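Student: First, the structure itself, so that you have it in front of you.
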């Protein structure tokens, strides 16, 4: 794998799975890490030349969910609690972006914003979709911003959750996440950065996510994305203020007040830059808004997207 230069690069932080009343685990998770029937494996399609793993459920106007960039992350790990809720009223599509999950990892792959945007547009084209709503988590927020800026007519509405995409000072938490090397101890430390409620993070979950991060090829591609010094990757993810100001889309911005990975100031800045935006801040919430407040998150996003359904 090739590491991109700071000039080429663009990349978040993580999403992991969970729910309090299930200790973040479903029965299938206990074998999912080692069996080919893993729920993380969905459909397969060639998007801009890259065979891409993606999940596709529900009917209605399509919404594309773009995951974060933590170790061992996949679309399913990031969005599994939200997908069935949003899928009640719309078509939900959640791909593994290049370098993550079960999408192919070519030996000569270069991970940068240009290539991630190309893959996302390639997926939209391959599925024969004229336009989608976009929901981006952290790294996925930066990617969603870049896609909407470069291809504004392909996006109907935009949701940015704990998003990167503006310049900010690298946080200790994000430095630790991007600098992760596989071990149970390191995964446990990384996961402790994400949740406001530490009861969401169990040793069993940390073990499962460590095993996910240690699958063949996963760490090699992950390490290629974020070599130190890492401030350059924060900057490479950022779109210009001028371009963000030009966005015409209705935009919902969501952030956890206690987020240690990406600062709340990111979302405040985005809300000031995007004319047609609204900002929703969850108290007692870290970087896992879609996990720590699953039902509220799904309802908020669903209502926001439904406004556009009603107008069409």
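Read-outs throughout are calculated quantities, based only on the coordinates presented, and are distinct from any laboratory measurement. These figures come from a predicted structure and were not determined experimentally. Every residue, glycine as well, gets a Cβ built from its backbone with ideal geometry; the counts of neighbours run over all protein chains shown.
Student: Ranked by Cβ crowding within 10 angstrom, fewest neighbours first, how are 103, 181, 171 ordered?
Tutor: If I rank by nearby Cβ atoms, fewest first, I get 181, 171, 103.
Student: In the chain, what % of DSSP beta bridges are antiparallel (nearest 5)?
Tutor: Percentage antiparallel, nearest 5: 25.
Student: Under 1.5 on a/c is rounded, so check that first for region 178-308, then, if it is not, pick prolate when a/b is larger than b/c and oblate when it is not; a ≥ b ≥ c are the square roots of the alpha carbon gyration tensor eigenvalues. Spell out each step's value before the answer.
Tutor: Working: a/c = 2.24, a/b = 1.42, b/c = 1.58.
In terms of gyration-tensor shape, oblate.
Student: Could you work out the Kirkwood radius for region 147-217, taking every pair of different alpha carbons, averaging 1/r and inverting it, reported in Å?
Tutor: 14.7
Student: In bins 10 Å wide, starting from 0, what share of all Cα pairs of region 185-237 does each bin hold, as a percent?
Tutor: 22, 39, 35, 4
Student: So what is the calculated 222 nm ellipticity per residue for the chain, using -39500 (n - 2.57) for each DSSP H run with n of 4 or more, over all residues, to the nearest 500 deg cm²/dmol?
Tutor: Numbers: 14 runs with 118 residues, N = 312.
The helix contribution divided over the chain gives -10500 deg cm²/dmol.
Student: Using Cα centres only, tell me the gap between region 151-199 and region 39-66 in whole Å.
Tutor: 22
Student: Going by how many other beta carbons lie within 10 Å of each one, how would you line up 51, 215, fewest first? Walk me through the numbers before you get to the answer.
Tutor: Values: 51 12, 215 15.
Least crowded to most crowded, the residues run 51, 215.
Student: Could I ask something else about it? Work out the P(r) tail for the chain: percent of alpha carbon pairs separated by more than 29 Å, whole number.
Tutor: Working: 12748 of 48516 pairs.
Tail fraction, whole percent: 26.
Student: Listing 264, 208 from the residue with the fewest other Cβ atoms within 10 Å to the one with the most, what is the order?
Tutor: Taking fewest neighbouring Cβ atoms as first place, the list is 264, 208.
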